[in-house]
1. Counting only residues that are surrounded by fewer than 21 Cβ atoms within 10 Å (Cβ to Cβ) and at pLDDT 95 or above, which one in segment 212-230 is farthest from Leu258 (Cα to Cα)?
2. Just to be sure before I move on: is Gly293 more than 15 Å from Val246 (Cα to Cα), under 24 Å from the mean Cα position of the chain (by Cα) and among the small types (Gly, Ala, Ser) in the structure I sent?
3. Going through Gln243, Gln315 one at a time, which residue ends up being more than 26 Å from Cys79 (Cα to Cα), touching a residue at least 24 places away in the same chain (Cβ under 8 Å) and polar (S, T, N, Q)?
4. Could you tell me which of the residues Ala334, Ala369, Ala327, Ala375 is crowded, with 19+ Cβ neighbours inside 10 Å, assigned to a helix (DSSP H, G or I) and on the phi < 0 side of the Ramachandran plot?
5. Just the residues that are touching a strand residue (DSSP E or B) at 6+ places or on another chain (Cβ under 9 Å), more than 14 Å from Phe75 (Cβ to Cβ) and at pLDDT 95 or above, please, taken from segment 108-136.
6. Go through (1) surrounded by 17 or more Cβ atoms within 10 Å (Cβ to Cβ); (2) outside the structural domain of Glu65 (by TED's automatic domain parsing); (3) at pLDDT below 95 for Arg203 and report which single condition fails.
7. Which of the residues that make up segment 56-75 are touching a strand residue (DSSP E or B) at 6+ places or on another chain (Cβ under 7 Å) and either surrounded by fewer than 23 Cβ atoms within 10 Å (Cβ to Cβ) or in the same structural domain as Ala221 (by TED's automatic domain parsing) (or both)?
Amino acid sequence: MSQVSTDILRVFGEGRGEGLFAKSPSPQLVPKNLSIRADSMIVRADGGTRIGAGHIMRCLALALEWQTTGGKAVFVSHCDSDALKARIQDAGIELISPSASYPDASDLALMQRLARDLAPADTWVILDGYHFDISFQRALKDIGFRLLVIDDTAHQTGYIADIILNQNFGAESLVYKCETNTRLLLGTRYTLLRPEFKQWHGREREFPSRVRNILVTMGAADPDNATCCVLRALKSLDLPDTQVKVLAGPAFSHFEELSLMSRNDPGAFKTVRNPFNVSDLMAWADVAITAGGSTLWELAFMRIPAAVVILADNQEPGTKALADDGALYVLGKAQDPELSARLGDFLRNTDRLREFARVSGSLVDGYGARRVIEAMERSEKT
């Protein structure tokens, strides 16, 4: 793992950091040897045990694609997961870890310092997080950054960005309150997938006569431990000759209960902890039981039929829209008493599983990150 130098300089009280927020009492630490070249991208996204890894992982997909063009990426991320931070650094990306996140004033002060002392004019910032409102966006634009905002719901009072990206199904129907020259990249055509999935382009999917390999993945964190709810529901079903693998993400924290379940029922499932290449695990699976979120697009590209557990209210509209389109099966909440019955219904109808794979696979072609980079390049010329 690449290490950020322990030589540091404080953001406040040195150099040109004398702006509106320069006297914040919470200094940020920036690697002393950090260089931000003219072809650099700065990603501002948070993650961890409560909010998961979705924002960071889709930004990582974009940053890795950017690197294939010869560019450099720098992450600024308030994150409490060491494994998630290591994932960023293992990709050869420098990481700056703010002590607090916006609306704390020190967050914007850090970005001001990067712009004034380190970043060339017109450096791209990728902004991904529900808390980065129009005031934060305006401040970044005012200090000279080009701005791409990744958004899911068009919920902000307004947007000030060069590009707005919403990779979700049905995003084309949303109305964004933005400037007339803002470029909108909407829909699954722009789904961000990491390079590990490229090996599966053109994959021919052969579906067995019945389900044998089941993948359970409830996101990077799974704060409410939906994973164990699903495993208990699966145990109640008669599923002979079936293998279950549990993908425990980088911010997963329920290993004690998972280990207890494994000891009480040896061989019922296998736990895979934070694999570097998730696509290989998905390729093994006949079906996936998953949370609503970015993982859905990875499964869709891999043509893996998915049954979705709703972990948060904001996942429900998009998930139900996909279900109405015939792309997946909705299980409801992890605590629903009907979870076992719904799982059985999902697993036993193989013709419908094939249709889920066909419909979802038509939504994501794997070239979304490349299209976004091309849109950024075109924006630079205008």
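1. Top of the filtered list is Arg212.
2. Answer is yes for this residue.
3. Gln243
4. Every option except Ala369 fails the conditions.
5. Within segment 108-136, Phe132, Ile134, Phe136 qualify.
6. Going through the list (1) surrounded by 17 or more Cβ atoms within 10 Å (Cβ to Cβ); (2) outside the structural domain of Glu65 (by TED's automatic domain parsing); (3) at pLDDT below 95, Arg203 breaks only (1).
7. Result: Gln67, Gly71, Lys72.
This table checks each residue for (1) part of a strand (DSSP E or B); (2) closer than 30 Å to Gly366 by Cβ.
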| site | (1), (2) |
| --- | --- |
| Met111 | no, no |
| Leu127 | yes, yes |
| Lys141 | no, no |
| Thr153 | no, yes |
| Ala161 | no, yes |
| Phe169 | no, yes |
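The values are calculated or read from the model by the stated rules, or taken from the named source; none is laboratory data. Small disclaimer: the values here were computed from a predicted structure and weren't measured. Neighbour counts run over all protein chains shown; Cβ positions are idealised from the backbone, glycine included.
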